[in-house]
1. What residue, of 134, 121, is without any contact (Cβ under 8 Å) to a residue 60 or more places away in the chain, buried (at least 16 other Cβ atoms within 10 Å of the Cβ) and either under 13 Å from the mean Cα position of the chain (by Cα) or part of a loop (DSSP other than H, G, I, E, B) (or both)?
2. Scanning for something part of a loop (DSSP other than H, G, I, E, B), among the basic types (Lys, Arg) and either surrounded by 13 or more Cβ atoms within 10 Å (Cβ to Cβ) or out of contact with any Gly (no Cβ under 7 Å at 6 or more places or on another chain) (or both), does segment 4-23 turn up at least one residue?
3. Does segment 27-45 contain any residue that is acidic (Asp, Glu), surrounded by fewer than 22 Cβ atoms within 10 Å (Cβ to Cβ) and touching a helix residue (DSSP H, G or I) at 6+ places or on another chain (Cβ under 8 Å)?
4. So is residue 66 out of contact with any Cys (no Cβ under 6 Å at 6 or more places or on another chain), of a type outside the set (D, E, K, R), outside any loop (DSSP other than H, G, I, E, B) and farther than 18 Å from residue 115 by Cβ or not?
5. Just checking, how many residues over segment 49-63 are part of a helix (DSSP H, G or I), farther than 19 Å from residue 133 by Cα and free of Cβ contacts under 8 Å to residues at least 12 places away in the same chain?
6. With respect to the numbered conditions (1) on the phi > 0 side of the Ramachandran plot; (2) under 15 Å from the mean Cα position of the chain (by Cα), which one is the sole condition not fulfilled by residue 78?
7. Taking the conditions exactly as written (outside any loop (DSSP other than H, G, I, E, B), buried (at least 18 other Cβ atoms within 10 Å of the Cβ) and in contact with an Asp or Glu (Cβ under 7 Å, 6 or more places away or on another chain)), does residue 149 satisfy them or not?
8. Would you confirm, using the coordinates I've provided, whether residue 79 is touching a residue at least 12 places away in the same chain (Cβ under 8 Å) and either over 17 Å from residue 158 (Cβ atoms) or assigned to a loop (DSSP other than H, G, I, E, B) (or both)?
Amino acid sequence: MNTELQFDQQHAAWIRATIRRHGWAIQAVLADPTTSDPDYAYTIGLTTLHHPELLIAGLPPNTAAHHLNLLATRIHAGDPPPPGATLTDLTPPRRHHLLTLDTAASDDLLHHANTLHQHPDGPPVPAYQLIWSDPAGHLPWEPGCTGPAADQPLAAPPPHHGP
C-alpha cells in the first residue's frame, strides 16, 4: 500500500475516533516556509452539532488548539455564540471575534472538515474564523492593535462599524 495513502487513512481514522471521544478534533496546518501564509488550525466535527466549524490563524499550533478547544467546549455544552459575536470571556484580557467564512475560504482551508462533512453535491461546510486580539484587547481592525494580532490574516472582510 502506498505510504501516503496509508497515512491519510490512519489520519482519517484518528479524526473520526477523536470526534467520537470528544465531539470534535483539531487539525493544525503548518505554514509552508516558501510562502507568507501563517500556521492555522481548525475544528472538525462541530458540523455534527449543526454549528459552523472554527478556524484560527497566526498562532502557534498549541495556542491555536487551546483557543479552539475553549470555544468548542462551550459550543458542545450548548452555549454557542451568535455569528459576528465579540467574545470577552474566552481568554481575558484578550477578545475574540467570529467572522463568517465564505464558501471559497472554507473549501480552500478546511480540507479534512470538508472531506468528512461536506455533502457530495453540497457547498463546503460553514465556518467561522476566530479572530484574536492583542494583549490589550484590540482586534486587528481597531485603532491601537499591535504585534502579531495586527498581522493575522483575515479570511473574510472585517465587520463594518459606524456609518
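1. Result: 134 is the single residue among 134, 121 that is without any contact (Cβ under 8 Å) to a residue 60 or more places away in the chain, buried (at least 16 other Cβ atoms within 10 Å of the Cβ) and either under 13 Å from the mean Cα position of the chain (by Cα) or part of a loop (DSSP other than H, G, I, E, B) (or both).
2. no
3. For segment 27-45, residues acidic (Asp, Glu), surrounded by fewer than 22 Cβ atoms within 10 Å (Cβ to Cβ) and touching a helix residue (DSSP H, G or I) at 6+ places or on another chain (Cβ under 8 Å): present.
4. When the stated conditions are applied, residue 66 passes them.
5. Residues in segment 49-63 being part of a helix (DSSP H, G or I), farther than 19 Å from residue 133 by Cα and free of Cβ contacts under 8 Å to residues at least 12 places away in the same chain: 0 in total.
6. Failed condition: (2).
7. yes
8. When the stated conditions are applied, residue 79 does not pass them.
Just so you know, all these numbers are worked out from the coordinates, no wet-lab data involved. None of these values were measured; they are calculated from a predicted model. For neighbour counting, all protein chains shown are included, and Cβ atoms are generated from backbone atoms with ideal geometry for every residue, glycine included.
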